1. Can you find a residue in segment 47-67 that is crowded, with 21+ Cβ neighbours inside 10 Å and not in a strand (DSSP E or B)?
2. Residues 95, 116: which one is at pLDDT 85 or above and open to solvent by 40 Å² or more (accessible area, probe 1.4 Å)?
3. Please list, ordered by first then second residue, the pairs with beta carbon atoms under 7 Å, 6 or more apart or interchain, first in segment 89-110 and over 17 Å from residue 124 (Cα atoms), second among the hydroxyl-bearing types (Ser, Thr, Tyr).
4. With the checklist (1) in contact with a strand residue (DSSP E or B) (Cβ under 8 Å, 6 or more places away or on another chain); (2) outside any strand (DSSP E or B) in hand, flag the one item residue 124 doesn't pass.
5. Of the residues that make up segment 75-83, is at least one in a loop (DSSP other than H, G, I, E, B) and either modelled with pLDDT under 85 or open to solvent by 40 Å² or more (accessible area, probe 1.4 Å) (or both)?
6. Residue 130 is checked against (1) open to solvent by less than 20 Å² (accessible area, probe 1.4 Å); (2) within 21 Å of the chain's Cα centre (by Cα) and fails just one. What number does that condition carry?
Amino acid sequence: MTNAKTAKPACTATPAHDEEMDKLVAEAEMQFAHRDGVQLVDLIDADTRGVLTLFPCSPRKVEAGKTYPVMTGHLDTKRVKIPVAAFAKMTDEGREFISLSIGPQGQNHIGGAAFRQEEQNQANGSWELAPGKENERHGVIGKTVQVDGTDDYRTVFALRFYGKRRLSSAGVPYIKAQVYPERKSGNDEQAMAGCF
């Protein structure tokens, strides 16, 4: 999870989604991006709640050597809708996940990761879907900053999200998840209030 700027290519999304996403991005950028130099991701903090929605994405024009998102969508905080691109990755242990890059083109980004509900097989070490949880997705969104003069990073804040893979009325799979502040020990009820 870094603040590195990531170029996001144009994608062909699900039917009607492309037009909707273009409108959301344009509205968000018009409302915030050019006013007083505000970076959209600066509107996300440790108390942010919202909805993360991701749709399948295929690049319109593929160029050799470039990495393209497998999903695109937005994080809706009610204050603003921020574009999100999701890239297929794998952990060192061989667990597949999607890496999130949150923020519009030309601005700072924060990162995140989304995982399926899986359990590690103790016999062979492989990751397998948890029975009955095939459509569940969970993860974290967070901001990290580099510690001055070092190669280390510290976490400024982290948000959690939980949701499910669903099917649209057109039969297209997408992910919809609730985003909420990280739970504080001994205060679970208050931390989860209003999340669902």
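1. no
2. Working: 95 fails: open to solvent by 40 Å² or more (accessible area, probe 1.4 Å).
The unique qualifying residue is 116.
3. Taking only residues 6 or more apart or on different chains, the pairs are 89/99; 97/91; 101/6; 109/6; 109/101.
4. (1)
5. Let us first name the residues in segment 75-83 that are in a loop (DSSP other than H, G, I, E, B), namely 77-80.
With the extra rule that they be either modelled with pLDDT under 85 or open to solvent by 40 Å² or more (accessible area, probe 1.4 Å) (or both), the set shrinks to 78-79.
Yes, there is a match, as at least one residue in segment 75-83 is in a loop (DSSP other than H, G, I, E, B) and either modelled with pLDDT under 85 or open to solvent by 40 Å² or more (accessible area, probe 1.4 Å) (or both).
6. Among (1) open to solvent by less than 20 Å² (accessible area, probe 1.4 Å); (2) within 21 Å of the chain's Cα centre (by Cα), the lone unmet condition for residue 130 is (2).
Let's see how each residue does on (1) among the hydroxyl-bearing types (Ser, Thr, Tyr); (2) in a strand (DSSP E or B); (3) in contact with a Lys or Arg (Cβ under 8 Å, 6 or more places away or on another chain); (4) touching a residue at least 24 places away in the same chain (Cβ under 8 Å):
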| site | (1), (2), (3), (4) |
| --- | --- |
| 128 | no, yes, no, no |
| 139 | no, yes, yes, yes |
| 143 | no, yes, no, yes |
| 150 | yes, no, no, no |
| 154 | no, yes, no, no |
| 159 | no, yes, no, yes |
| 169 | yes, no, no, no |
| 175 | no, yes, yes, yes |
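The values are calculated or read from the model by the stated rules, or taken from the named source; none is laboratory data. None of these values were measured; they are calculated from a predicted model. Glycine gets a Cβ as well: all are built from the backbone with ideal geometry, and neighbour counts include every protein chain shown. We work out accessible area using only protein heavy atoms, side chains counted, and drop any ligands, DNA or RNA first. Shrake-Rupley method; radii C 1.70, N 1.55, O 1.52, S 1.80 Å.
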